[in-house]
Amino acid sequence: MCFKQEFELLVKSSCSLIYIITSEEERLENIIKTISINDISQAIYFWDFIEGYEVFGNTNKIASKNPLQALEFIENFGENSDAIFVLKDFNLFFNDIAIIRKIRNLSSKLDLCNQILVFSGLDTNIPVQLRQLITLIELPLPDKLEIQCELQRLLDIFNIVYNQVFIDELVNICQGLSIVQIRKNISKIIVQNGFLDKACMSLLIKEKENQIKQTTLLELNSSSVSLSDVGGVYNLKQWLYKRSDAFSQASFNYGLSYPKGLLLVGIQGTGKSISAKAIANAWNLVLLRLDIGKLFAGIVGESELNTRRMIQVVEAFSPCILWIDEIDKAFSNVTSYSDSGTSNRVFGTLLTWLSEKTSPVFVVATANSIVDLPKEILRKGRFDEIFFIDLPNMKERQKIFQIHLQKVRPDTWHRYNIAYLAKYSHLFSGAEIQQVIIEAMHTAFHDKREFTSLDILNAIDNLVPLAFTDHENVQKLQNWASLGKIRLA
């Protein structure tokens, strides 16, 4: 059910107290006005702390800078008149005991007449005394139809000729942005260039990246890494190739649901992060990286709100890939009570979304240790599959050496003794192999000559791999994977 339908249903069912979570006040006003004119025919009164109520025929600002008086205005309103009262940012006054009492008193009056009190704001921390009375709903980011209507309106204003294909491309790029952000970005590009065509798409994407950065929760990544750049992991690649068209309309028409995601568990440096980037590139999807640490905030309720905002933005970007790096570090202590249960609530919200999401968002989570992960996240239904990425075997090390040498010496890589280097680098991870090549290049560059296989061998001798320095944990992880409880990549 879309927001308009849900809100209209609440109004028609005489739900007297509604709290709408949103930062888009202008869009909310337009939605409520549209519903009122077309369907419910009720008068609407908007209030904010500075302007108060603007009542037709009254030049004075009613209840300006007086939230209690704003409620008294509703209390004294005629019971036989239908009305919707929208109080903006009123959640900021919920800590006042007089305000809470007045709202509770108003609830009884509103239940007996066709009047609705709507609060709008961002804070979801509703006082205990009001939780049973207020219905909480959230205004999501604009959907494709809303974005299309706004884009057509803007292009008509600027007298820009367009066709449906052009509009569809713009709509896809603008997903995940608010209406205000869309207006600002489109207007800026048109004013800057004097026109808007397909050549301006890259500018719009750049502006969108800047908007995403401002949220501080998500990072828009561009990936040029292909699956062929990832050495080994044959089983993982086959699994991915089989689902390469899983987000297509043909797949949906066939009756397949969208894949949920993957959990990649493995030793550090074995290619979990690069695999996430390669999946986005192979499937031609937007890659959004989540730093879970940024979800947590010092203010009570802010962490949970950040989690919901993140989910809202990600779903608006769909189809896309959400990359959650090192998820084990973020939720290794969810059973502790040191943060008043904030980690538990954030983790619970994320788990519920992973299980119930139907949007085309493919989640790729990586973890270095399965021991630190809560057991709930390993249950089937959160992810489609859990893969273990082990240290590369000799054949895989050959491929990894080849990939990295081709990048730095595309014309002469075949001159290096890759077979011997792979054999000599036993228990080295992909990241460690890359590092020894870089070290060999530094040595040769200092000596003003070309680096050789011998330089790489010397670098291997001087690097102690993680498999030795953290032998106990690496062995424990490999033993756990060998029990057959996880699929080998």
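Data table
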read-out	value
Single unsatisfied condition, residue 141 versus (1) modelled with pLDDT under 90; (2) surrounded by fewer than 16 Cβ atoms within 10 Å (Cβ to Cβ)	(2)
Pairs, first farther than 17 Å from residue 68 by Cβ and of a type in the set (Phe, Trp, Tyr) in the stretch 35-54, second buried (at least 19 other Cβ atoms within 10 Å of the Cβ) and at pLDDT 85 or above, C-beta under 8 Å, six or more apart	46/53; 46/86; 46/88
Pair list, Cβ < 7 Å and 6+ apart or interchain, from the stretch 404-432 residues that are closer than 18 Å to residue 226 by Cβ to residues that are part of a loop (DSSP other than H, G, I, E, B) and modelled with pLDDT of 90 or more	405/416
Test for residue 157: is it in contact with a helix residue (DSSP H, G or I) (Cβ under 8 Å, 6 or more places away or on another chain) and not assigned by TED's automatic domain parsing to the domain that holds residue 407	no
Positions within the stretch 360-414 being outside any loop (DSSP other than H, G, I, E, B) and of a type in the set (D, E, K, R), in sequence order	375, 376, 380, 385, 395, 396, 397, 399, 407
Residue match in the stretch 166-189 (condition: among the hydroxyl-bearing types (Ser, Thr, Tyr) and over 19 Å from residue 20 (Cα atoms))	yes
Count - residues of the stretch 247-265 that are under 17 Å from residue 354 (Cβ atoms) and touching an Asp or Glu at 6+ places or on another chain (Cβ under 9 Å)	6
The stretch 2-20 residues that are within 20 Å of residue 141 (Cβ to Cβ), paired with ones that are of a type in the set (Phe, Trp, Tyr) and surrounded by 15 or more Cβ atoms within 10 Å (Cβ to Cβ) (beta carbon under 9 Å, 6 or more apart)	18/7; 18/119; 19/90; 19/119; 20/3; 20/7; 20/119
Some residue of the stretch 44-67 being over 35 Å from the mean Cα position of the chain (by Cα), part of a helix (DSSP H, G or I) and closer than 18 Å to residue 133 by Cα	no
Residue tally, condition farther than 30 Å from residue 176 by Cβ, touching a Lys or Arg at 6+ places or on another chain (Cβ under 8 Å) and in a loop (DSSP other than H, G, I, E, B), over the stretch 95-142	1
Given (1) modelled with pLDDT under 80; (2) under 20 Å from residue 310 (Cβ atoms); (3) not hydrophobic (A, V, I, L, M, F, W, C), number of the condition residue 181 does not satisfy	(1)
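Residues checked against (1) in the same structural domain as residue 249 (by TED's automatic domain parsing); (2) under 27 Å from residue 477 (Cβ atoms); (3) buried (at least 21 other Cβ atoms within 10 Å of the Cβ):
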residue	(1), (2), (3)
346	yes, yes, yes
356	yes, no, no
362	yes, yes, yes
365	yes, yes, yes
376	yes, yes, no
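The values are calculated or read from the model by the stated rules, or taken from the named source; none is laboratory data. Treat the numbers as computed from the prediction; the structure is a model and nothing was measured. Note: ideal-geometry Cβ built from the backbone for every residue, glycine included; neighbour counts use all protein chains shown.
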